[in-house]
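Coordinate-derived values only; no laboratory data. Just so you know, these numbers come straight off a predicted model, no measurement behind them. Cβ placement follows ideal geometry from the backbone for every residue including glycine, while neighbour counts extend to all protein chains displayed.
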Amino acid sequence: MRKPLLLCSIFLLSSCAYISKKFESMAENKNTSALPVQNAKINYCAPLGRVQYISEDEHTLKFYRTLNTPIFENKSLSFIERSIMLSLIEMSKRPDEASPFSRLQIYLKVNGKSYYYDFRPKRLEDDTKMPYLRGLDFLAQKFLPKQNLLSVATKLDALAPTALGVSVGLENFLRENQKDLIKNDELNERFLKGDDVLTRYETFERKSFRAVVEQYMSPTYSKLSDYEYEKNGLDANKSPKGNFEANCNYDLSKEPTLRDEMFGREPKRTHSIGMSDGQDYFLAVSSMTLFKPYTTQPKLSYFMKARPSALPMPICEFKGKNQEIVLFSSDGRNPVQHLQHLVAYEIDQIDSSYTLNELLNFSRHLFLSSPDRILYESTRGRKAQLDFFLAMNFPIYHVENLGNIFGHANFKGEKKQESSLHIDDRSIARLWCGQ
């Protein structure tokens, strides 16, 4: 990584010819380094624990610890059962980000085999379907021959408490939308108390998991021909390096400004889910758009009507001789660019969880159009990098954080093998590492 990687990435990603020429001339004299940020927070499991999972914040982690024995570390439950249960809990905890109506992308590795699915309605504008639950239903049908989604939900009702804690993210959503939530009787009763909203130190009563699944299983929602899940596979990008694969659902070689237009269409609400047990791991991202006024259905309690995102969140699997890295980029104006930058920063040279963590913590930037400008995490970068940007005479704006990348990585060394979930230093997510 001791190379002018920032220069390389900017040169490759720039969509403006005159900027590229300026970079080319400056590259002869500049020597920036993509070495890591100071005081980086470790966001992977070391020492490794058998069971690992992602929690959206510290408060949720405390809640999930109470579920370790009955669910996450319960050897009588298969890995697929626990993955479905975690997804149902996350949906119930964050109805503003993980509705039954959300698009659901899943990357799963179990028993040594990998699978990727992207669940959404066949008609992307169709907001009358439940692709999130269709995805979990599919997992149950494929991997649990003696069970189904309804039986898993019923079992979960007996294992999980009926009171769920309010997360930091949900509290923020409630505060920002209080005036609109008051207008809906169900949401008002569930999430408000008098003139204020529930806070992160309080709980709310969840909807029965079985009841939600029963609603999904009605003919209106569960007709299999209304859904797709295998288009947009990880074959849009091919790495030019013979000993390295970068398999993605977007072509990383395309100009970033084109994707900027696509991802700028609608404000997406996304939610990340992750769990691993030994060499098995489950990663998922839900994405949707909420529209005002917020509406609910009597049989679905506090789950608001939403539309699944028209576009999937970017995901890549990076495979080298001794590495297997899977990363979702789920937040921000143009999340594809962050994965582009990782390739330019030579992610194929990453050989441990430690160096991957350094790479993910490294300062990020985005090229945006209309108007043309650069967003840059200047507080994470080095002075030489900032000077380089400023020398371009191109509009540059400081931002505190850009994007959210999470995933899983396996590394095979001569003396040991590493396998860990990874979360982004920029998020408030936390990891349980089987401590």
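Brief remarks on what is shown
- Rounded tilt (10° steps) of 17-27 against the dominant C-alpha axis of the chain: 60
- Cross-link reach is defined here as a Cα-Cα straight distance under 23 Å, omitting same-chain residues fewer than 8 places apart; for Lys319 the lysines meeting it are Lys3, Lys109, Lys113, Lys231, Lys238, Lys241, Lys254, Lys412, Lys415, Lys416.
- The alpha-carbon of Lys62 sits under 25 angstrom from the alpha-carbons of these lysines, leaving out residues fewer than 8 places away in its chain: Lys41, Lys75, Lys93, Lys155, Lys193, Lys207.
- Within a Gaussian network of the chain (alpha carbon springs, distance under 10 Å), most fluctuating of Asn43, Asn232, Asn177: Asn177
- Cα centroid of the stretch 86-133 to Cα centroid of the stretch 398-422, whole Å: 23
- Highest mean packing comes first when the peptides 403-409, 225-231 are listed by Cβ atoms within 10 Å, giving 403-409, 225-231.
- Charged-residue dipole, Cβ positions (Lys, Arg, Asp, Glu), the chain about Cα centre, Debye nearest 20: 420
- Gaussian network model of the chain, Cα within-10 Å springs - most flexible of Ile350, Ile84, Ile182: Ile182
- Label-to-label distance, nm, for residues given as Ala163 and Glu230 (7 Å Cα→Cβ offset): 4.7
- Here the Gaussian network model covers the chain, with springs between Cα atoms less than 10 Å apart; of Glu202, Glu245, Glu97, Glu202 fluctuates the most.
- GluC sites (Glu not before Pro) within the stretch 372-435, DSSP loop, no more than 11 other Cβ atoms inside 10 Å: Glu400, Glu414
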